[in-house]
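Single-structure report; data block below.
No value in this document is a laboratory result; all are computed from the given coordinates. As the structure is a computational prediction, the values presented were derived from the model and not from experiment. Neighbour counts run over all protein chains shown; Cβ positions are idealised from the backbone, glycine included.
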Amino acid sequence: MTFKNLSIPLNLTTGYQNPNDDFFSPVLSCAKTFDVGVGYFSSNWLADVKNGIHQFALNEGRSRWIISPNLNVKDAEAMNKGFEIKSIDQMQNELESFVLDELALMDIDSRTLLSNLIVAGVLDFKISYPLSGGNNLFHAKMGIATDVENNQIAFNGSFNLTGNAKSNWEYIDVYVDETTREQQRIISIQDRFNTLWIGEDAFYQVFTPSKKLLAGIDSFSDAKKKNYPKKNEGTHINLRPYQQKAMQNWSENKGHGMYVMATGSGKTITALATVQKLKNKFIKQKQPLFIVFVLPLKHLLDQWHDEAAEFGFEATKCYEKSLNWRETLSEKLSHQSIHKSGIVKAMVTNATLASENFQRLLRGVKVPIMIVADEAHNLGSPTYLDALPKNAEYRLGLTATPFRHNDEEGTEALFDYFGDAVFEFSLEDAINAGYLVKYRYYPSVCEFNYDEYQDYKAITKKLENDEQSKLEAENEMDLLLGGASNKLIILRNQLEELQKNNQLQHTLIYCGSHTDDEGSRQIEKVLSMLGQELGIKTRKFTATESLEERKNILDKFARCELDAIVAIKCLDEGVDVPATKQAFVISSTSNPREFIQRRGRVLRRSPGKEEAVIYDFIVVPPNGEDANPALIEKEVRRGLEYNYLAENRKENETLLLNLADMHGVQLQ
């Protein structure tokens, strides 16, 4: 059965309906996944839905729960003080003690049922507690269920999953994925849950149960836990229909191809699900497989490693000194070679992939190899192309923008290696489907000052002279455009307006690496303007900050303890800042990939975020002065690209098209 066979109520009110009999139990009996966040929970509720939860378990269903310990005010105050003076490990021990105490007080039948479900892997849970002070406990009552056909149902309301809740006056709203608006509600609830589950919520800490806690829970279980099917890692992951289609296309293309998917549309999850499917096939056939994940940078590798854990993947991290990984990975490959079975997984940075140590190891691998490359466009240089194993039987490239800027040869070589794009999901697709938020676009025309215009003319001559290095001249022009001084005057006016209207929170400012004639960097000028002159709570986000500092900055930004982040390039690939509501793009190169990726990052969904705003700066020569049409064309085309999907695009078209016409730019 699926959800389509059920009569799903629009809403439920206790007294008039029984939520357990009329909704939860029937939905559980048809579900394959059930994610729920609830402030108060008791195992008595499981007894009320025992028929549904039993069928859910027999159907190999998997449920994830985020719960909060039921603490009294005194305990809550003590815990809050504890967070200020104790380590995270100490606090986790205390929270887990509360959980075990609550289990011990439950009636035996309910406690045994709950313990059996947890030990069998049917029910996975994490414990939530607020990061900030006060008695602000996790008080959610929301959930999402998915059936075997990936139909989804979400609920939200006042109903706690306790035995007593059915006796209270409680109200629940129910959403089914039959209309775009309902789909967006479901996506929003799923996003809120996932943000909490992976520990990226700015206000709440989540603890994964320790082995000690799980052992304590196991002591309350009985032999009936063996009646439930064995846990299959990753079965709780809810794939969207387009993600399933991508996997199907890759498989039908004999395990070759690229996923060309917009930033924020779930490339990582789609890729990991693809790997999992292939991995399970090799395990079933008792055949060996070596999987190599290739990531451009260390922080991206760490992110992938964490997400892979949700699929049950434990990959060897390979970056920096080979002493940290070479022996471990070699032992795993040797064991695989001897037994001619097993799945070995490694995650490497681009630099490690090309290193002699890893290449030597690759040359010794005699089993089938799968290559999964994130931001695959970065691998189009001769060094990285040579490093990709030619004997890889399975190849999957991931990118939002597969075409390399000014490098047709590298682009073609990437497609030759990975195969054609087997699936494409554009930014427009993601916005229309509700996976990214809508946005408004505000371009400002910014004129060069006198000195900048003289530099502009000099660089233009270089570009027109075949004897000069065109690439070098283009880089000089990018720096000049990005560092135009009038941008900061316009920026200040726009920030002051936002500040006056109390709309500054969640502002992201992209700067360039420009340094003026006096040696002042643009980012330092912007930081000084925001922090010292306007009194805006601001931090910079650059390559000089450690990974721990970056996480702290992003957490404070999400919690509104910072109003703005000023960044250079380290946010372009892989670092998510979903809380961003408005972004100022002070510096953009002529590389389309850069501004396409930046837009995708700004449009990521976040709790309470319905829309984003992008501010751009179109640089032109002073009024009445000559301009190079090719350079004006690049500025205008970037504006038109940003404007194409904007909610207010009609109000910008006249400005951009008139600018092109004024400077003799032919856009057709």
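In a reduced charge model with +1 at each Lys and Arg Cβ and -1 at each Asp and Glu Cβ, the chain shows a dipole moment near 2580 debye about its Cα centre.
Packing here is the average count of other Cβ atoms within 10 Å per residue, and on that basis the peptides 204-210, 320-326, highest first, run 204-210, 320-326. Would you please report the Å³ per residue occupied by the convex hull of the alpha carbon atoms in region 460-507? That works out to 73 Å³ per residue. Along the axis of the charge dipole computed for region 241-430 (Cβ charges of +1 for Lys and Arg, -1 for Asp and Glu, origin at the Cα centre), the listed residues Leu427, His377, Leu323 are led at the positive end by Leu323.
Of Cys446, Cys318, the sequence from fewest to most neighbouring Cβ atoms within 10 angstrom is Cys446, Cys318. Note that region 415-428 has calculated 3J(HN,Hα) couplings of 5, 4, 7, 7, x, 5, 5, 8, 7, 10, 9, 7, 4, 4 Hz, one per residue in order, obtained from phi through the Karplus relation 6.51 cos²θ - 1.76 cosθ + 1.60 (θ = phi - 60°); glycine and proline are x. Fewest-first ordering of Glu635, Glu307, Glu625 by other beta carbons within 10 Å of each residue's beta carbon gives Glu625, Glu307, Glu635.
With Cα atoms as the point set, region 190-269 shows a radius of gyration and Dmax of 18.4, 49 Å.
Peptides 175-188, 52-65 ranked from most to least packed, by the mean per-residue count of other Cβ atoms within 10 Å: 52-65, 175-188.
Here the extension length gained between Asn658 and Lys537 equals 39.8 nm, from 0.36 nm per residue of separation less the Cα-Cα distance. For region 182-196, 3J(HN,Hα) computed residue by residue from phi via the Karplus equation (6.51, -1.76, 1.60; θ = phi - 60°) reads 5, 4, 5, 5, 5, 4, 4, 5, 5, 4, 4, 5, 4, 4, 5 Hz, glycine and proline entered as x. Each Cα pair under 8 Å and six or more residues apart adds its sequence gap; the mean of these over the residue count of the chain is a relative contact order of 12 percent.
Ranked for footprinting exposure by Cβ neighbours inside 10 Å, fewest first, Leu479, Leu10 give Leu10, Leu479. With respect to the cross-link table entries Lys457/Lys525; Lys462/Lys634; Lys298/Lys332; Lys332/Lys366, which display a Cα-Cα separation exceeding 24 Å? Listed pairs above 24 Å: Lys457/Lys525.
Annotation: amide H of Thr349 within the under-5 Å range of Leu295, Cys318, sequence separation 5 or more or interchain, hydrogens built in the peptide plane. Relative to the Cα centre, the charge distribution of region 299-349, modelled as +1 at Lys and Arg Cβ and -1 at Asp and Glu Cβ, gives a dipole magnitude of about 320 debye. If the chain linking Ala351 and Asn501 were pulled fully straight, counting 0.36 nm for each residue of separation and taking away their Cα-Cα distance, it would gain 49.3 nm. Applying 0.36 nm per residue to the separation of Arg326 and Leu471 and subtracting their alpha-carbon distance, the gain on full extension is 48.3 nm. Of all aspartates and glutamates in the structure, those lying under 18 Å Cα to Cα from Lys225, and not within fewer than 8 positions of it along the same chain, are Glu60, Asp107, Asp109, Asp124, Glu233. For a modelled paramagnetic label at Glu424, 7 Å from Cα along Cα-to-Cβ, the residues of region 383-405 in reach, with backbone nitrogen under 12 Å, are 401-403.
Computing P(r) over Cα pairs in 10 Å bins from 0, in percent directly from the structure and comparing it against (1) 3, 16, 26, 27, 17, 8, 2, 0, 0; (2) 3, 10, 13, 11, 9, 6, 5, 6, 8, 8, 8, 6, 4, 1, 0, 0; (3) 3, 13, 22, 24, 20, 12, 5, 1, 0 singles out (3). A simple packing score, the average count of other Cβ atoms within 10 Å per residue, orders the peptides 610-620, 106-116 as 610-620, 106-116, with the highest score first. Here, region 437-662 has an Rg and a Dmax of 17.4, 55 Å when only alpha carbons are counted. Using only side-chain charges placed at the Cβ, +1 for Lys and Arg and -1 for Asp and Glu, the dipole size of region 242-366 relative to its Cα centre rounds to 560 debye.
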